[in-house]
Structures are given as structure tokens and as C-alpha cells.
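One structure is given here, and the rest of the page talks about it.
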Amino acid sequence: MPNILLTRIDNRLVHGQVGVTWVNHLGANLIVVADDEVAEDEIQQDLMEMVVPDAIGVRFFSIQTTADIIHDASEDQYIFLVVKTPQDVLRLVEGGVPIEKVNIGNMHYSEGKTQIYSTVSVDEADKEAFRKLKEHGVKLEVRRVPDERPDDIYKFL
């Protein structure tokens, strides 16, 4: 069983908050970015790696590759899994990735989305993915930084 400490939805993926604050809070030694686009884009990967301390490993995989190989993780890998969307989390869960808890950190506003929290905007597809994750028994919290009190996403939907 892989040691997934936390899964975070953040459309920015890895940035200072994720690469330093959350990693330190969790005690993670590996960040796995599961994103189809970034898995193929070395420039984005290089930019994200710049904000992560050298002692922390970073891997970039597609959603499918993550689902296929996560169970091969070593016992001494403490994984912080980062994705862009709730649909990505749902694909991982349906692909057999043992995700118990998801932190929703940042989902930017765009046309067709409604802001439900200061840093979270959703559309119907996002809401449906959250509902399906709930059916799978996944706990969902909204929290930007570790020292903030978490809120249950379902009370905002």
C-alpha cells in the first residue's frame, strides 16, 4: 500500500505553498504530480522543481501512469499527491489509487464557474466529481494552508 499522506487539488500544482509549507507540515519526502499535460512538458516540470527543496523528490506522471505505478512505491516514500481538478482525483480513485482524504486548495474562477469559497470556484462537472468521490468514501476538505481550519466542501455545494 503506498504511503499517500494527502492528495491536494490545486490548479497551480506545485508552487511555494505546496513545495515548502505543505511538504514540511506533512513530512512528505516525495511529491507526485499527476497531470496529463505536465507529464509531457519539461519546462513546466523544471519550473515546479525550482520551488521544492533538494531533499524532496518530485515525479511527474500522467493520471493513468500514476494509477498504474503508485502501488510500486517504496515503504519509505511518504507521498504528497497533487492534481489540478476533482475529475483527476476521481480518475485516480476509479483507477485503484487508495485516496482517503483530499485537500482542496485552489480552483481558480473561470467562465461557467461559481465561487463557493475564497479560493475555490466550481462548475457542474466539478460538483459531480465531488459527489462521486463522496460515494467512494473520500473525505474532502477546503484549506489553503496547514494552519488554517479545514472546512467540509459539501457544505458549500
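Here are some notes:
- Sequence-separation-based contact order of the chain, relative, with Cα cut under 8 Å and 6+ spacing, percent: 29 percent
- Anchor K155: aspartates and glutamates whose Cα lies under 16 Å away (excluding residues fewer than 8 positions away in-chain): D123, E124, D126, E128, E135, E141
- Cα convex hull of segment 1-58 - mean projected area over all directions, nm²: 4.1 nm²
- Other residues with beta-carbon under 15 Å from the beta-carbon of V52 carry, at +1 per Lys or Arg and -1 per Asp or Glu, a net charge of -1.
- The charge dipole of the chain, taken about the Cα centre with unit charges on the Cβ atoms of Lys, Arg (+1) and Asp, Glu (-1), comes to about 740 debye, rounded to the nearest 20.
- Around N106: net Lys/Arg minus Asp/Glu count, Cβ-Cβ under 15 Å: -1
- Each 10 Å bin from zero holds the following percent of Cα-Cα pairs in the chain: 11, 43, 38, 8, 0.
- Extension gain from E42 to T114, taking 0.36 nm per residue of separation minus the Cα-Cα distance: 22.7 nm
- Here's the picture: charge each Lys and Arg Cβ at +1 and each Asp and Glu Cβ at -1 in the chain, and of I99, T114, H71 the one pushed furthest to the positive end of that dipole is T114.
- Taking amide H atoms as placed 1.01 Å from N in the peptide plane, the amide H of V142 lies under 5 Å from those of I104, D151, D152, I153, each 5 or more residues away in sequence or on another chain.
We did not get these values from a lab; they are worked out from the coordinates using the rules stated. The structure displayed is predicted, hence computed values, not measured ones. Every residue, glycine among them, receives a Cβ derived from its backbone with ideal geometry; neighbour counts consider all protein chains shown.
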